[in-house]
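Written out below as structure tokens is the structure these notes cover.
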Amino acid sequence: MEKVLFISYFAPPEEHIGALRVSKFLKYLPQYGYQPYILAGGHISSNTPFVFRPRYLDPYLIGKEIYKNLYSKKNDQVYYDLEKIYTKYNMPKGLFPLSEVRMPDKFLAWILPAVILGMKLLNKEKFDLIYSSSGPPSSAIVASILQRYSGLPWIAEFRDLWSDNHHDLRKTIIHNIDNWIERQTLKNCNALVTVSEPLKETLERKYSKPVYVIYNGYDEEDYPQDVPLTNKFTITYTGKIYIGRQDITPLFKAVKSLYMRGLITQDLFQIRFWGDDGNYIKTLAKKHDIEKFVFYGGRIFYMDSLLKQKESWMLLLIGWKGHLAEGVLTGKLFDYLGAQRPILYIGEIGGEAQRILEDTGMGKFLSKYEDIENFLINCIDKYLKSDRMLGFIGPNENLIKYSRRYNAKILSRIFDYFT
């Protein structure tokens, strides 16, 4: 069994999307001859096999916890000024706030303790390869230092781009410094991995190194079986909505039109949101006068979110705004594919997510509210006729290549080339 030193700040048992990705590599790579040893961060105590965390005090995490306990107030009656929110979220930032995907990295305090523990692991075990998963960028920085220390081949994965990140925009001088740090860090890596073809193309233009795509995926073993569908025609969204970057207005406009035309009732139709940003959802629902059709359930555990997906008639995917969104493939898309329920994808640009939905036959991309309205009318008609898949083809062999097991197999072949 070959040994791989995986460097990822996020790791099991966390429910962060980065930790979930790493946990599935930990689960499936041994089936293809590679045992990951995960060097992780954070103030987490766990006995997860093959996961190693240094003991250290992180000022950011301590400050975050103090703020949460003393100042964080939740008031479900507060409604946001949406225009101010959109302006705020779309303005390039300076040095602050700290970031999870680029510099200045929230988790810089992890670097030195991680390097020290990484050196101990390298001295104790005979590793064949180093693999890092970012963000945060500190994962790549730790890997770069340990590669120089060990001389091992290093493959750097970016779930999100570093200085070219679509979500965290920074002012020009900060961006240029960040870009320089990124290039210096990656000088000694042998190859790059990312999660979509457009992001791969961005990295290929920037670096003269091999770049591979390993999608996020779904794990068929995570989903409950024989789950009955809800009585109502239920559209479900699970996870965080990035205010100012994702826009659900076209859907709400379509629902309002259906309501005004008398085509839906509370007993028939519901949109459910499970995750953060309840006040934002309520603000938009109130603005469109469709509060009676919108349910907000708050944050739930990952496995519970899969159950909510399985019992829904339709799942909602919201695209990112702007041209930078073309390469964004959220983990949510693959969770939805694993739930094997029809997917409504709304946004400005279909991009690769649209291609995957067309490849699997599991969903539809729409951008105009009029088209969404007509689509919902058609789906509700099929719901009333008890068509469980609402006219979509349902589970098929094309889904397999988006599974976690299949992705681990592809990654193992990349490892074969460099070991």
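Comparison of D267, D178, D160, D226 shows that the only residue that is out of contact with any Leu (no Cβ under 8 Å at 6 or more places or on another chain), part of a loop (DSSP other than H, G, I, E, B), surrounded by 18 or more Cβ atoms within 10 Å (Cβ to Cβ) and acidic (D, E) is D160.
Yes or no, residue by residue, for (1) farther than 30 Å from V4 by Cα; (2) of a type outside the set (S, T, Y); (3) assigned to a loop (DSSP other than H, G, I, E, B); (4) modelled with pLDDT of 95 or more:
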{"position": "E373", "(1), (2), (3), (4)": "yes, yes, no, yes"}
{"position": "L376", "(1), (2), (3), (4)": "yes, yes, no, yes"}
{"position": "I380", "(1), (2), (3), (4)": "yes, yes, no, yes"}
{"position": "I393", "(1), (2), (3), (4)": "yes, yes, yes, no"}
{"position": "I400", "(1), (2), (3), (4)": "no, yes, no, no"}
{"position": "R405", "(1), (2), (3), (4)": "no, yes, no, yes"}
{"position": "A408", "(1), (2), (3), (4)": "no, yes, no, yes"}
{"position": "F415", "(1), (2), (3), (4)": "no, yes, no, yes"}
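Evaluate the following for G18: is it under 27 Å from L57 (Cβ atoms), at pLDDT below 95, within 15 Å of the chain's Cα centre (by Cα) and of a type outside the set (D, E)? Yes.
In the set Y60, Y37, only one residue is over 22 Å from the mean Cα position of the chain (by Cα), assigned to a strand (DSSP E or B), surrounded by 13 or more Cβ atoms within 10 Å (Cβ to Cβ) and assigned by TED's automatic domain parsing to the domain that holds A140; that residue is Y37.
Return yes when D276 is acidic (D, E) and surrounded by fewer than 19 Cβ atoms within 10 Å (Cβ to Cβ) and no when it is not. The answer is yes for D276.
The single condition from (1) assigned by TED's automatic domain parsing to the domain that holds V328; (2) in a helix (DSSP H, G or I); (3) polar (S, T, N, Q); (4) under 26 Å from the mean Cα position of the chain (by Cα) that T236 fails is (2).
Of the residues in the stretch 273-280, at least one is hydroxyl-bearing (S, T, Y), in contact (Cβ under 8 Å) with a residue 12 or more places away in the chain, assigned to a helix (DSSP H, G or I) and in contact with a strand residue (DSSP E or B) (Cβ under 7 Å, 6 or more places away or on another chain). Taking residues in the stretch 346-371 that are touching a residue at least 60 places away in the same chain (Cβ under 8 Å), and partners anywhere that are in a strand (DSSP E or B) and of a type in the set (F, W, Y), the pairs with Cβ atoms closer than 7 Å and at least 6 places apart or on different chains are G347/W320.
Residue-by-condition table, conditions (1) touching a Leu at 6+ places or on another chain (Cβ under 6 Å); (2) more than 20 Å from Y242 (Cα to Cα); (3) surrounded by fewer than 15 Cβ atoms within 10 Å (Cβ to Cβ):
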position	(1), (2), (3)
M303	no, yes, yes
L307	no, yes, no
L329	no, no, no
P342	yes, yes, no
Q354	no, no, no
L357	no, yes, no
I372	yes, yes, no
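The criterion of being in the same structural domain as W154 (by TED's automatic domain parsing) and either touching a strand residue (DSSP E or B) at 6+ places or on another chain (Cβ under 6 Å) or assigned to a loop (DSSP other than H, G, I, E, B) (or both) holds for Y212. Residue count for the stretch 259-277 satisfying the condition of being of a type in the set (G, A, S) and under 21 Å from L344 (Cα atoms): 1. With respect to the stated conditions, V255 fails to be of a type outside the set (S, T, Y), modelled with pLDDT of 95 or more and within 21 Å of the chain's Cα centre (by Cα). Among the residues of the stretch 342-360, the ones that are part of a helix (DSSP H, G or I) and within 15 Å of G327 (Cβ to Cβ) come to 6 in all. What do you reckon, is I300 more than 30 Å from P13 (Cβ to Cβ), of a type outside the set (D, E, K, R), in contact (Cβ under 8 Å) with a residue 24 or more places away in the chain and assigned to a loop (DSSP other than H, G, I, E, B)? Against the criterion (more than 30 Å from P13 (Cβ to Cβ), of a type outside the set (D, E, K, R), in contact (Cβ under 8 Å) with a residue 24 or more places away in the chain and assigned to a loop (DSSP other than H, G, I, E, B)), I300 does not qualify. E221 meets all of the listed conditions (1) over 25 Å from Y402 (Cβ atoms); (2) part of a helix (DSSP H, G or I) but one, namely (1).
Of the numbered criteria (1) charged (D, E, K, R); (2) without any contact (Cβ under 8 Å) to a residue 40 or more places away in the chain; (3) part of a helix (DSSP H, G or I), the one K253 fails is (2).
The values are calculated or read from the model by the stated rules, or taken from the named source; none is laboratory data. Please read all numbers here as calculations on a predicted model, not as lab measurements. Backbone-built Cβ (ideal geometry, glycine too); neighbour counts: all protein chains shown.
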